[in-house]
Amino acid sequence: MCIRDRYQRRVHGIFKNMYGIDAPRIVIGLAISSVITLGVAIYLFLSPPFALKYLNYTGCCLFFVTGVFLLRSVIWMLYSSLIQKKNVAEEMLEAIEKANYPGYLHSVKRALDVGCGRGLLMNTLAKKIVKKEDSGVKVYGIDIFSNADQYGNSIKATISNAKLEGIPLEGIEVKHCDARKIDFEDGFFDFVVSSLCIHNIGEELPKKEDSQKEREKALKEMIRVTKPGGSITVWDLFNGKEYFDFFKREGLQPKIVREFKSFGLDSTIVYAKKEKQQFFSLLL
């Protein structure tokens with residue numbers, strides 16, 4: 001093996017499974033603010049004791065506490081982006097398997113990841129079910145690929161990560177597509193998953209009611225493209241109860257898999273089963 005090949009393997013080994021940092025502008029802003037506030041705290045602590053030395057010490061404490069809080073937020077977000085997301089991706093797939101039967105994932109032919117980003121959840125699933133080329137099994141990913149939501153977000157980066165994971169490219173398909181208008185026919189997928197995507201939809205709208213309607217459009221599309229008897233699993237921030245209630249109103253059988261903190265915020269995994277069509281309804 002030549003030196004160049006060994007170098008490339010080493011680089012790939014280091015950066016394998018690097019799926020970007022979520023909300024990079026926020027992370028950078030928090031990091032800069034933390035450095036500035038801690039720097040001011042150190043300056044006040046080391047500065048000569050002026051007449052108002054107690055004010056110096058009070059200011060030092062306030063800036064230090066603020067800086068530590070901001071630094072904690074940066075660490076939380078980096079941990080959530082680089083470690084927690086991988087663990088939750090596995091947990092989501094385990095929840096799908098547990099809700100069906102052992103080996104269910106290996107019976108799947110088509111699955112969709114809504115808001116796939118750089119492909120962490122999509123590739124985690126593909127590694128489980130896409131075993132060889134031309135097997136007929138395919139995992140699809142759709143996204144609008146916003147760099148504000150995830151660093152280096154692009155179709156090229158998503159496919160590159162799939163290659164690094166050793167996934168046959170015939171087993172995946174990545175498309176630029178809005179979740180509110182999914183470009184697939186009714187009942188096309190065995191199941192649909194989504195990770196940290198839906199809360200971004202409609203967030204630019206001033207009224208909460210309008211934002212909720214936009215999110216519900218995406219959820220309704222996810223239901224539409226899921227086949228009868230299939231399922232939808234969503235992990236997201238803030239709106240777990242909202243998704244649960246919507247799925248229930250739409251006639252699905254939802255359940256809360258788990259509620260926990262992510263990025264320092266409330267997050268929820270919601271699983272919803274779409275009922276199979278009854279025999280008599282097919283005759284009508």
Review point. What about Asn161, is it in a helix (DSSP H, G or I) and within 16 Å of the chain's Cα centre (by Cα)?
Key: yes
Study note, to complete from the structure: Log entry, pairs with first residue in the stretch 184-195 being more than 10 Å from Gly229 (Cα to Cα) and among the charged types (D, E, K, R), second being open to solvent by 20 Å² or more (accessible area, probe 1.4 Å) and part of a strand (DSSP E or B), beta carbons closer than 7 Å, six or more apart or on different chains, reads none
Practice item. Considering only the stretch 134-170, state which residues are under 23 Å from Arg224 (Cα atoms), touching an Asp or Glu at 6+ places or on another chain (Cβ under 8 Å) and crowded, with 20+ Cβ neighbours inside 10 Å. Key: Val139, Tyr140, Gly141, Ile142
Study note, to complete from the structure: Contact list, first residue from the stretch 112-138 and β-branched (Val, Ile, Thr), second anywhere and part of a loop (DSSP other than H, G, I, E, B) and open to solvent by 20 Å² or more (accessible area, probe 1.4 Å), beta-carbon distance below 8 Å, six or more apart or interchain, is Val114/Cys197; Val130/Pro168; Val137/Lys109; Val137/Lys131
Exercise for review: Kindly provide the set of residues from the stretch 89-113 that are surrounded by 21 or more Cβ atoms within 10 Å (Cβ to Cβ) and either over 23 Å from Lys138 (Cβ atoms) or touching a Gly at 6+ places or on another chain (Cβ under 8 Å) (or both), ordered by number.
Suggested key: Leu112, Asp113
Exercise for review: Filter the stretch 98-139 for residues that are of a type in the set (S, T, N, Q) and either in a helix (DSSP H, G or I) or within 20 Å of Leu252 (Cα to Cα) (or both) and give the result.
Suggested key: Asn100, Ser107, Asn123, Thr124
Check your understanding: What about Gln278, is it among the polar types (S, T, N, Q), open to solvent by 60 Å² or more (accessible area, probe 1.4 Å), at pLDDT 95 or above and more than 21 Å from the chain's Cα centre (by Cα)?
Key -> no
Review point. From the list Val270, Val257, Val225, which one is surrounded by 19 or more Cβ atoms within 10 Å (Cβ to Cβ) and within 27 Å of Gly136 (Cβ to Cβ)?
Key: Val225
Check your understanding: Restricting attention to the stretch 86-97, does a residue exist that is within 26 Å of Glu275 (Cβ to Cβ), among the acidic types (Asp, Glu), in contact (Cβ under 8 Å) with a residue 60 or more places away in the chain and assigned to a helix (DSSP H, G or I)?
Key -> yes
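The values are calculated or read from the model by the stated rules, or taken from the named source; none is laboratory data. Quantities reported herein were computed from a predicted structural model and do not represent experimental measurements. Cβ atoms come from the backbone with ideal geometry, glycine included; neighbour counts cover every protein chain shown. Surface accessibility is based on the protein's heavy atoms, side chains included, excluding ligands, DNA and RNA. Shrake-Rupley method; radii C 1.70, N 1.55, O 1.52, S 1.80 Å.
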